[in-house]
Each structure stands twice: as C-alpha cells, then as structure tokens.
Amino acid sequence: MRTKLARLRELGAVEEMDRRWDDFDDEFDYDMLALHDGVALQRQYPGDLAALYELTDRPVFGEIRFPPESSFADARAVDFEGNPIDDRTRIKIAGLGEDAVLLDTDSGEVMIYWYSYFKYKWDSGVVLTCADVPEFVDTVCLGSRYAEIKGPKDKQKEPWWDRHPWYAYLQEVAMA
C-alpha cells in the first residue's frame, strides 16, 4: 500500500487523472483519484485503518471513496429480509455508490457489501473480503481486484472494467 501510494504521487497521478477528465464520458461524473495529506485518526480502529489515513486523508480510488473519520458509522450486513447476516460488529469506512466498504471491528477484516445483492440473484451481498485495510487498498483499490468491486467477474453482464478510466490507469502503470 505504501509503495503504491508513493508511486502514484511520484507519477503525478492525481494531476494526470484530472488532465484526462475531458476524455471520460458522462458515465464517470466523479473524481477518479484523490490523495490528500495524511492525518492521524482520533480513535483506534483494527485492520490498520490508521496506516491508510496517515498516508492520505479521505482518499478516492475510482468508485471507492473513503470519508473523513467523522463520517465512519456503524453498519450491518443484512440479508434480503433485513436481518443481520451474522453477529459481527462493523463500521462503514468507505462508500461504493450505494454500497459499502465495511470494517469488522473485531478482526479488522474488510469487505465490500452490496445491499441489493438479491436483485442480482446472488446468494450473498459479500462481494469480496480482505484480511485488513492495507491488503484491501493494495489489491482492490490499487490492484487487479478492482475489477471485482461490482461482483464476481463471471456474473457481470459485460466487462465494465475494460472501459473504466481508473482501472485502465492502474493497468497502464502496471498496478493491475
């Protein structure tokens, strides 16, 4: 995670993504990358969340948007009837459109959770999991697993990642 974030800064990736903005169509009406100065979190969180925020506050990686700490909120992963899928305690540490990146407050595990998974006839809203925040940032936000943020590739109607500007940039700089 540290190495990849440092490399993005060395490459001037924020400015490059801004420069390319005119080439994107209206489908992508949001910033693709934000790497603000780092901050110290006020509370203790598992999964090395503090390491990410020390490097960059409120980062944005394509469609994955991390908010300021004051926006972290308790969150429950629920089934199609609205019942919790387990008894784990989680907080929402990032958004992904209408869906969420959740941090398990005991284990530090990170998951992308799609609340409307049942509309796609999936068995679960858990799209992917990582052991901790650094793994999530390294392999998903800044890696090849970014193509899995909307569910398993084999369950997608079309390969949306082939035309996604952030994923294309990750491939260009050999991170994905």
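Suppose we filter the range 91-120 for residues that are modelled with pLDDT under 95 and either assigned to a loop (DSSP other than H, G, I, E, B) or touching a Pro at 6+ places or on another chain (Cβ under 6 Å) (or both); how many remain?
Of the residues in that region, 5 qualify.
Would you please name the residue that is surrounded by the fewest Cβ atoms within 10 Å (Cβ to Cβ), looking only at residues in the range 127-176 that are assigned to a loop (DSSP other than H, G, I, E, B) and of a type in the set (Lys, Arg)?
First, pick out the residues of the range 127-176 that are assigned to a loop (DSSP other than H, G, I, E, B): 131-132, 142-143, 149-152, 156-159, 164, 173-176.
Within this subset, residues satisfying the condition of being of a type in the set (Lys, Arg) are 150, 157.
On the way: LYS150: 20, LYS157: 6.
In this case the residue turns out to be LYS157.
Which condition from (1) at pLDDT 95 or above; (2) of a type in the set (A, V, I, L, M); (3) surrounded by 15 or more Cβ atoms within 10 Å (Cβ to Cβ) is the one that MET17 breaks?
(1)
Which residue pairs have Cβ atoms closer than 6 Å, lie 6 or more positions apart in sequence or on different chains, and pair a first residue in the range 26-43 that is of a type outside the set (Ser, Thr, Tyr) with a second residue that is open to solvent by 70 Å² or more (accessible area, probe 1.4 Å) and at pLDDT 95 or above?
Short answer, once both residue conditions are applied: HIS36/ARG58; GLY38/GLU54.
Give the residues of the range 44-90 that are open to solvent by 20 Å² or more (accessible area, probe 1.4 Å), in a loop (DSSP other than H, G, I, E, B) and either among the acidic types (Asp, Glu) or in contact with a helix residue (DSSP H, G or I) (Cβ under 7 Å, 6 or more places away or on another chain) (or both), sorted by residue number. Before the answer, list the steps.
Kept after step one, since they are open to solvent by 20 Å² or more (accessible area, probe 1.4 Å), are these residues of the range 44-90: 44-46, 48, 50, 54-55, 57-58, 63, 65, 67-74, 76, 78-89.
Going one step further and asking which of them are in a loop (DSSP other than H, G, I, E, B), we end up with 44-46, 48, 57-58, 63, 67-68, 72, 76, 79-83, 85-89.
ASP48, ASP57, GLU63, ASP79, PHE80, GLU81, ASP86, ASP87, listed by residue number.
Before we move on, is ASP37 open to solvent by 10 Å² or more (accessible area, probe 1.4 Å), under 23 Å from LEU128 (Cα atoms) and in a loop (DSSP other than H, G, I, E, B)? Before the answer, list the steps.
Working: open to solvent by 10 Å² or more (accessible area, probe 1.4 Å): yes; under 23 Å from LEU128 (Cα atoms): no; in a loop (DSSP other than H, G, I, E, B): yes.
Taking the combined requirement at face value, the residue does not satisfy it.
The values are calculated or read from the model by the stated rules, or taken from the named source; none is laboratory data. What you are looking at is a predicted structure, and each value in this text was computed from that prediction instead of being measured. For neighbour counting, all protein chains shown are included, and Cβ atoms are generated from backbone atoms with ideal geometry for every residue, glycine included. Each accessible area value is taken on the protein alone, full model and side chains, heavy atoms only, with ligands, DNA and RNA left out. Shrake-Rupley method; radii C 1.70, N 1.55, O 1.52, S 1.80 Å.
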